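See structure below.
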Amino acid sequence: MQLVYSNNEQASGEALLIQNAIDQKVDGIAVTLPTPDALAGEVKKAEAAGIPVVAFNAGFDAWKSMGIPMYFGQDETVAGQAVGKRLSQEGAKRVLCVIQSQGQVQLESRCAGVTQGLTTGQTEKIYVNGADMSSVQSTITAKLQQDPSIDHVVALGAPIALTAVQSVQAAGSKAKVVTFDTNKQLVNAIKSGSVQWAVDQQPYVQGYESIDALWMYKTNGDVIGGGNAVLTGPAFIDSGNINSVAQYAADGTR
């Protein structure tokens, strides 16, 4: 089986990529669903054409209703709740949750979960343009200067977290930065203490298992998960276990 990778961060662009895959009569499609309503039509077209579809990474609340048989990822609401509970244990009072792409369901679910899990204070959402990191930095900096009571910034991706660290410094804020998701640079930030900890949903596993599941379905009729999502997270990475995953992050698999 040959893997063909394509990507577009815009909903309309992703829909077009799915349609292109249908036109090419591929053997299967693994798809993320950050904007399920915008992609439902193309998913139905694939299914009508006899092309199996599996979902991963985004769309936890939508994959079943779309008729997709398998999902690989984390329950973003549960992950957010775990973040909120940990922040509560650490005494957080005023939490800023930064959403870098408005309208993506998995990001909204993360922030909603943080709010549900936090019992010691309040959360507030702020939207930034994740495609423009200088804008991200200036927006977060301005918010921290406006509200010095913010004691924690929750980022929803490693690049946003690293930029938030710069915002904290620029604003002269005492806020601590935590995040969802990791990369090589974030590992170093956790080691240095500029980022306190990260939620690891293991996206490499999500992609790998999605393709493997398609192959198993095509060659053996297997459906993995028994009708439930195959959960790949959440797990926490912090100073206590960072060394155990540092090499994998350097290799791009964590």
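The values are calculated or read from the model by the stated rules, or taken from the named source; none is laboratory data. Since this is a predicted model, take the numbers as computed values, not measurements. Side chains included, ligands, DNA and RNA excluded: accessible areas come from the protein's heavy atoms. Shrake-Rupley method; radii C 1.70, N 1.55, O 1.52, S 1.80 Å.
Taking mean projected area of the Cα convex hull in nm² straight from the coordinates, which label in [x] 14.8; [y] 15.8; [z] 13.6 is the correct one? Checking each listed value against the structure points to [z]. Of all DSSP-defined beta bridges confined to the chain, some 10% are antiparallel rather than parallel. Cross-link reach is defined here as a Cα-Cα straight distance under 17 Å, omitting same-chain residues fewer than 8 places apart; for Lys85 the lysines meeting it are Lys93, Lys176.
If you count only protein heavy atoms with a 1.4 Å probe, what accessible area per residue comes out for segment 140-254, rounded to a whole Å²?
Working: 5320 Å² over 115 residues.
Solvent-accessible surface per residue comes out at 46 Å².
To the nearest Å, what is the center-to-center distance of segment 181-224 and segment 69-91, using C-alpha atoms only? After rounding, the separation between the Cα centres reads 15 Å. Computed over protein heavy atoms with a 1.4 Å probe, the accessible surface of segment 73-121 works out to 36 Å² per residue.
Per DSSP helix of 4 or more residues, -39500 (n - 2.57); summed, then divided by the residues of the chain. What does that give at 222 nm, rounded to the nearest 500? Intermediate results must be reported in sequence, preceding the final value.
On the way: 9 runs with 117 residues, N = 254.
Computed ellipticity for the chain at 222 nm equals -14500 deg cm²/dmol.
Carbon and sulfur: what percent of segment 61-127's accessible surface (1.4 Å probe)? Could the numbers behind the result be given before it?
Details: 1270 of 2700 Å².
That share works out to 47 percent.
Ignoring ligands, DNA and RNA, what percent of the 1.4 Å accessible area of segment 147-254 is carbon and sulfur?
Numbers: 2470 of 4980 Å².
Of the solvent-accessible surface of segment 147-254, carbon and sulfur hold 50 percent.
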